[in-house]
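Notes follow the structure.
The values are calculated or read from the model by the stated rules, or taken from the named source; none is laboratory data. Predicted model only: the values in this text are computed from it and were never measured. Glycine gets a Cβ as well: all are built from the backbone with ideal geometry, and neighbour counts include every protein chain shown.
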Amino acid sequence: MMRNSSGKTTHFGFREVDEDQKAGMVHGVFSNVASKYDIMNDVMSAGIHRIWKDAMMDWLAPRNGQRLLDVAGGTGDIAFRFLKRAPGAEAVVLDMTEAMLVEGRKRAEAEALADKLDWVVGDAMALPFEANSFDRYTISFGIRNVTRINDALSEAFRVLRPGGRLMVLEFSQLPNDAMQKAYDLYSFNVIPRMGQLIAGDRDSYQYLVESIRKFPDQETFAGMIRDAGFENVKYRNLSMGIAALHSGWKI
């Protein structure tokens with residue numbers, strides 16, 4: 001179903017594109033990089049993304065009996081961590097790119113956790129689930145790729161049960177200009193070259209770097225979460241703000 005053909009535009013990295021084109025373009029990026037995605041995450045962040053995801057789990061504090069929806073969950077990193085900490089929980093991994101889910105299913109953890117884990121192809125802006133279906137909603141390094149972030153946050157609120165919690169892990173903004181410039185130099189000069197070398201795809205990683213710079217800062221994004229209906233919204237900077245965790249509750 002075409003939800004938006006009004007001629008509105010949005011950004012795809014630093015390019016302006018029609019809203020109804022962006023999802024397909026993002027799908028192309030992640031289809032291209034799926035087989036090398038986990039390796040590239042390790043190389044790009046020197047393995048620090050693993051520490052950030054563990055920090056996410058520390059704050060989320062998974063409990064047995066909970067049902068998790070991990071959106072843009074790709075290769076399963078967050079769902080696997082959640083289920084290891086709460087073996088009596090359940091998780092659904094949703095991603096718009098089937099190739100990413102295929103890679104996730106190949107991982108050793110997927111087989112061991114098969115009875116507690118479902119993989120669903122779907123859109124963050126129109127989730128294929130009933131209201132009040134999940135206790136926890138996570139999205140890790142995915143929300144900046146969504147065409148209309150406000151729609152995704154509204155859907156997160158809809159599918160969470162009262163008392164449910166949203167947690168977002170995303171690249172963010174450093175606290176001062178000098179640090180930001182140094183990080184930008186690394187990002188724009190090194191990461192696309194790594195993408196070419198390791199994944200054979202410079203353009204996709206150029207987009208990913210640009211998309212980080214277009215994402216709202218910590219306070220702005222916290223306001224967007226509140227506007228979607230969440231309460232007790234807080235955030236924590238990771239690695240001085242290279243990434244940030246945002247938390248909100250459906251009361």
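Quick one: is residue 205 buried (at least 21 other Cβ atoms within 10 Å of the Cβ), over 20 Å from residue 70 (Cα atoms) and of a type in the set (Phe, Trp, Tyr)? So residue 205 passes the test.
Taking the conditions exactly as written (buried (at least 23 other Cβ atoms within 10 Å of the Cβ), farther than 22 Å from residue 52 by Cα and modelled with pLDDT of 95 or more), does residue 160 satisfy them or not? The answer is yes for residue 160.
Inspection of the range 75-85 finds a residue satisfying the criterion of being in contact with a Lys or Arg (Cβ under 7 Å, 6 or more places away or on another chain), surrounded by 23 or more Cβ atoms within 10 Å (Cβ to Cβ) and small (Gly, Ala, Ser). A single member of 245, 208, 197 is in contact (Cβ under 8 Å) with a residue 40 or more places away in the chain and over 21 Å from residue 11 (Cα atoms), and it is 245.
When you scan the range 52-93, how many residues do you find that are part of a loop (DSSP other than H, G, I, E, B), more than 13 Å from the chain's Cα centre (by Cα) and not aliphatic (A, V, I, L, M)? Let's see the steps before the verdict.
As a first pass, look at the range 52-93 and keep what is part of a loop (DSSP other than H, G, I, E, B): 61-66, 72-76, 86-89.
Still in the list and also more than 13 Å from the chain's Cα centre (by Cα): 61-66, 86-89.
Filter once more, keeping what is not aliphatic (A, V, I, L, M): 62-66, 87-88.
Total meeting the criteria: 7.
Return the residues of the range 225-251 that are in a helix (DSSP H, G or I) and in contact with a Pro (Cβ under 7 Å, 6 or more places away or on another chain); say none if nothing qualifies. Residues satisfying the conditions are 240, 241. Here 33, 26, 17 are screened, and the one residue that is closer than 26 Å to residue 247 by Cβ, modelled with pLDDT under 70 and hydrophobic (A, V, I, L, M, F, W, C) is 26. Among the conditions (1) touching a strand residue (DSSP E or B) at 6+ places or on another chain (Cβ under 7 Å); (2) at pLDDT below 95, the only one that residue 40 does not satisfy is (1).
Say whether the condition of being closer than 21 Å to residue 144 by Cα, surrounded by 23 or more Cβ atoms within 10 Å (Cβ to Cβ) and either of a type in the set (Gly, Ala, Ser) or in contact with a Phe, Trp or Tyr (Cβ under 9 Å, 6 or more places away or on another chain) (or both) is met by at least one residue in the range 112-119. Checked the range 112-119: no residue is closer than 21 Å to residue 144 by Cα, surrounded by 23 or more Cβ atoms within 10 Å (Cβ to Cβ) and either of a type in the set (Gly, Ala, Ser) or in contact with a Phe, Trp or Tyr (Cβ under 9 Å, 6 or more places away or on another chain) (or both).
Counting just the residues of the range 174-201 that are out of contact with any helix residue (DSSP H, G or I) (no Cβ under 8 Å at 6 or more places or on another chain) and among the hydrophobic types (A, V, I, L, M, F, W, C), which one comes out farthest from residue 235 (Cα to Cα)? Selected residue: 197.
Restricting attention to the range 205-235, and to residues there that are over 16 Å from the mean Cα position of the chain (by Cα) and either over 19 Å from residue 151 (Cα atoms) or of a type in the set (Asp, Glu) (or both), which single residue is modelled with the lowest pLDDT? Top of the filtered list is 206. Restricted to the range 106-123, and to residues there that are in contact (Cβ under 8 Å) with a residue 24 or more places away in the chain and acidic (Asp, Glu), the residue that is farthest from residue 69 (Cα to Cα) is 109.
Kindly indicate which of 245, 160, 166 is touching a Lys or Arg at 6+ places or on another chain (Cβ under 6 Å) and within 24 Å of residue 128 (Cα to Cα).
Working: 245 fails: within 24 Å of residue 128 (Cα to Cα); 166 fails: touching a Lys or Arg at 6+ places or on another chain (Cβ under 6 Å).
From the options 245, 160, 166, the qualifying one is 160.
Among all residues of the range 94-102, there is at least one that is buried (at least 24 other Cβ atoms within 10 Å of the Cβ) and part of a helix (DSSP H, G or I).
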